[in-house]
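Have a look at the structure below, then the notes.
The values are calculated or read from the model by the stated rules, or taken from the named source; none is laboratory data. Everything numeric in this text was worked out from a predicted model, so none of it was measured. Please note: Cβ atoms are built from the backbone with ideal geometry, for glycine as well, and neighbour counts cover all protein chains shown. Just so you know, the surface numbers come from the protein's heavy atoms only, side chains and all, with ligands and any DNA or RNA stripped out. Shrake-Rupley method; radii C 1.70, N 1.55, O 1.52, S 1.80 Å.
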Amino acid sequence: MNKENGIKMKYAVLMLGVVCMTACGPAMKLAVPEKFREQATMEHVHGSRGNKMSFPGIATSRIKRGVHLKYPGWGRSFFLENLLLNQAGVSKSEVVEKEKAGFRYALTDGTTTVQVFAAEKQIIKSHDFELMNTNAIFKSFEVLQHYEYIFSALISADTTKSITWELTMTNLYDREAENDKNPFTFIKQADNGLATNGTDTIIIKPLSIKKTELANGKTGKLPFKLLSGYELSIDGGVIAIIDLIDQNVWFYNELTPGDKLTVSAITTALFARKVHDTKW
């Protein structure tokens, strides 16, 4: 069984849950706190699933993408260990998959234009246990060993008075370092990050939903947490919320035009990702 099929099997239960919830007619919504709603304005991000985005007063150029590469890495050998495992009809191997992509675009509010240059990299390392001498459909099982996702973006304005921002998002897991004994651990989508200009820092936290609104108006619980958005905050509190489900962004009403442009650049950069595609 190849790695792609192995991953599909590993997350079959998770995806089945999503399909069932969709088929039953739920309305999954990101819960934006009422207090923040009263002090913010919601704007829909048009084109969030494509290569050009816009919302009131903000627009991007066409997003130019580099080559999106996905290729196998080098896995270590388990020769001595397999001498024993093979006697029990089991074979062990290490599977490594690497993926990277990059893109760039311009974003403007009609007064100021910023250039966004972004790159993302992902590494997945797992141990593949395969039953030998059998024609069974489910004869292979993968155990996640290491996961590394890094996304970085440079947000640079076209004026000498503007400050460059650096955006970084990471999602890291290492079975050995965490002493994780659970063989069913899977990759979590909840990446964290921050954006800084050397003086000010915007903290970016993932938001997940556990409850969903059913077709009959009642609230149902999901069997898992689902990434639904991001909260952007500074020392003074929350300044924006990005809704991945409905492709919206909530701006705090007191943001300056410059701050709103920075938040807009962060929002569009997160939507533009391909390796870690969070669009519903």
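A few comments on the model shown:
- Taking amide H as placed 1.01 Å from N in the peptide plane, Thr113 has its amide H under 5 Å from the amide H of Asp158, each at least 5 places away in sequence or on another chain.
- Distant-in-sequence amide H partners of Ser208 (H built 1.01 Å from N, under 5 Å): Ser228
- Report note on the peptides 75-82, 194-201: ranked by the mean count of other C-beta atoms within 10 Å, highest first, their order is 194-201, 75-82.
- Shown for the range 20-116: lysine pairs separated by 8 or more places, or found on different chains, whose C-alpha atoms are under 28 Å apart, numbering 11.
- Placing a label point 7 Å from the Cα of Thr111 along the Cα-to-Cβ direction, the residues of the range 252-280 with a backbone N closer than 19 Å are 252-266.
- Rolling a 1.4 Å probe over the protein chains gives Ser48 an accessible area of about 10 Å².
- Cut-off 10 Å between beta-carbons: net charge of the residues surrounding Gly57, Lys and Arg +1, Asp and Glu -1: -1
- Vicinal HN-Hα couplings computed from phi for the range 51-66 (Karplus, 6.51 cos²θ - 1.76 cosθ + 1.60; Hz; Gly/Pro x): 10, 7, 10, 7, 8, x, x, 10, 8, 9, 7, 5, 7, 9, 10, x
- Net dipole in debye of the range 29-155 [+1 Lys, Arg Cβ; -1 Asp, Glu Cβ; about Cα centre; nearest 20]: 480
- Heavy-atom accessible area order for Asp277, Asp191, Asp158, largest first, 1.4 Å probe: Asp158, Asp277, Asp191
- Think of the range 27-89 as a dipole: +1 on every Lys or Arg Cβ, -1 on every Asp or Glu Cβ, centred on the Cα centre; then among His68, Ala88, Pro33, His68 lies furthest on the positive end.
- A crude spin-label estimate for the pair Arg65 and Arg49, with each label 7 Å from Cα along the Cβ direction, gives 1.4 nm.
- Residues in the range 105-135 reached by a label modelled at Val90 [backbone nitrogen below 12 Å; 7 Å Cα→Cβ]: 128-132
- In Hz, Karplus ³J(HN,Hα) per residue of the range 233-238 (6.51, -1.76, 1.60; θ = phi - 60°; x = Gly, Pro): 9, 10, 4, x, x, 6
- Ligands, DNA and RNA aside, Leu131 has an accessible area near 80 Å² when probed at 1.4 Å.
- Rounded if a/c under 1.5, otherwise prolate or oblate - the range 241-280, Cα gyration tensor axes: oblate
- Nearest-0.05 FRET efficiency for Val143 and Ala190, computed from C-beta distance (R0 30 Å): 0.90
- Segment Asn182..Phe129, full-extension length gain: 17.6 nm, with 0.36 nm per residue of separation and the alpha-carbon distance subtracted.
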